[in-house]
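In what follows, a single structure is set out as structure tokens and then discussed.
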Amino acid sequence: MRFKDKVVLVLGGNSGMGLASAQAFAAEGATVHLTGRNQQTIDEAVASIPGSTGYSADIADPAATEEVVRQVEQADDRIDVLYINAGVGGFAPLEAITEDDWDFVHSINLRGCVFALQKAVRIMGEGGAVVVTGSIGAHGPLEGNGTYAAAKAGLSMAMKVFAKELLPRKIRLNMVSPGPIDTPLLHRNPGMGPEEVEKLKEMMIANIPMHRMGTSEEVAKAVLFLAGEDASFISGVDLLVDGGLIELG
Ligand SMILES: NC(=O)c1ccc[n+]([C@@H]2O[C@H](COP(=O)([O-])OP(=O)(O)OC[C@H]3O[C@@H](n4cnc5c(N)ncnc54)[C@H](OP(=O)(O)O)[C@@H]3O)[C@@H](O)[C@H]2O)c1
């Protein structure tokens, strides 16, 4: 029960690794608030997590995040743990990147996450912890990944700066950077049918030193470690959860 009496806000908590983390936080005693855009999966997530509250809020809209934070404050006074996990994929080689696609991915994966931190940290106090989902995309070049990788690399450095800025307030901030994890994200790539997704998975598995994809639960374990007291002397790290892909691949 590492998170007994803690108030946890998971931005992007209705699917994949965000949902697994929200469930794990609750299983260890936390009061969980979670966001997403899809009302049906928000409702399902809340139904699976006793005592939780769900909000439909697009992280690309800082005012929407601000309103969520206001409601969390009204309900529970504060946030002890903030997990900024919302993100979208976006594969396209240089010649096919459109300005709209670039802006869409960056409005969520970079701009939205930064302003979410700004809004939420207002109600965080001493001993608070922030975890942010990055990606191995920020650690190595992969053809077709320019838009997404640029957003996550920008996020990684921005968060390092903010980790430093939050030190005087005794708030720790760390990132997890997952490698290929089997989540609904893979199936959301526009223009990719089930067969292409399977091929993509096989290609990824062939390159992973552990010869398998990771699970949302494995990422959640890293998130809870960084968010909890066991990581009390850790801030500013970007923890790879990637089956050895970046360091051993
Ligand atoms: N799966 C991987 O292999 C992998 C690898 C490296 C990094 N990541 C990163 O891991 C994070 C979680 O992804 P996942 O794999 O668990 O995928 P997922 O199942 O698609 O989950 C993405 C989450 O982000 C939320 N989200 C997306 N856009 C949002 C927006 N504009 N506003 C609010 N919430 C939004 C989604 O909610 P809705 O469904 O309601 O939109 C969902 O809860 C992302 O940041 C992703 O970039 C994933």
Out of the stretch 1-42, which residues are near the ligand (Cβ under 8 Å from one of its atoms) and β-branched (Val, Ile, Thr)?
THR35, THR41, ILE42
What number of residues in the stretch 39-85 are charged (D, E, K, R) and within 23 Å of GLY134 (Cα to Cα)?
4
Are any residues in the stretch 25-44 outside any strand (DSSP E or B) and buried (at least 24 other Cβ atoms within 10 Å of the Cβ), and if so, which ones?
PHE25, ALA30
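Among the residues of the stretch 50-68, which ones are crowded, with 16+ Cβ neighbours inside 10 Å and within 14 Å of the ligand (Cβ to nearest atom)? Show your work before the answer.
From the stretch 50-68, those crowded, with 16+ Cβ neighbours inside 10 Å are 52-55, 57-60, 62, 64-66, 68; that's our starting set.
Residues satisfying the conditions are SER52, GLY54, TYR55, ALA57, ASP58, ILE59, ALA60, PRO62, ALA64, THR65, GLU66, VAL68.
For the stretch 173-249, give me every one of the helices (runs of 4 or more DSSP H) that falls completely inside it and has 1 or more residues that are closer than 24 Å to PHE162 by Cβ and within 14 Å of the ligand (Cβ to nearest atom). Spell out how you get there, then give the answer.
Details: elements: 194-207, 216-227, 245-248.
Ranges flagged: 216-227, 245-248.
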Quick check: anything in the stretch 154-163 within 11 Å of the ligand (Cβ to nearest atom), under 25 Å from ALA96 (Cα atoms) and surrounded by 20 or more Cβ atoms within 10 Å (Cβ to Cβ)?
yes
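When you check THR147 against the structure, is it in contact with a Ser or Thr (Cβ under 6 Å, 6 or more places away or on another chain) and not acidic (Asp, Glu), yes or no?
On the way: in contact with a Ser or Thr (Cβ under 6 Å, 6 or more places away or on another chain): no; not acidic (Asp, Glu): yes.
Judged against the criteria, THR147 is not a match.
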Restricted to the stretch 124-143, and to residues that are in a loop (DSSP other than H, G, I, E, B) and in contact (Cβ under 8 Å) with a residue 60 or more places away in the chain, which residue is surrounded by the fewest Cβ atoms within 10 Å (Cβ to Cβ)?
GLY140
Report whether or not ALA92 is crowded, with 18+ Cβ neighbours inside 10 Å and within 9 Å of the ligand (Cβ to nearest atom).
no
Within the set of pairs 6+ apart or on separate chains, which have a first residue in the stretch 106-123 that is closer than 13 Å to ASP61 by Cβ, a second that is in a helix (DSSP H, G or I) and within 13 Å of the ligand (Cβ to nearest atom), and C-beta atoms under 6 Å apart?
CYS113/LEU155; PHE115/PRO62; ALA116/THR65; LYS119/THR65
Give me the pairs, please: first residue somewhere in the stretch 5-30 and on the phi > 0 side of the Ramachandran plot and touching a residue at least 24 places away in the same chain (Cβ under 8 Å), second residue anywhere and assigned to a helix (DSSP H, G or I) and within 9 Å of the ligand (Cβ to nearest atom), beta-carbon distance under 7 Å, and either six or more positions apart or on two chains.
GLY12/GLY18; GLY16/PRO184; GLY16/LEU185; GLY16/SER216
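In the set LEU186, LEU248, LEU240, which member is over 29 Å from PHE104 (Cα atoms) and not charged (D, E, K, R)?
Values: LEU186 fails: over 29 Å from PHE104 (Cα atoms); LEU240 fails: over 29 Å from PHE104 (Cα atoms).
Result: LEU248 is the single residue among LEU186, LEU248, LEU240 that is over 29 Å from PHE104 (Cα atoms) and not charged (D, E, K, R).
No lab work stands behind these numbers, since they all come straight from the coordinates. Note that the coordinates shown come from a computational prediction; the quantities given were computed from them, not determined experimentally. Cβ: placed from backbone, ideal geometry, glycine included. Neighbour counts: every protein chain shown.
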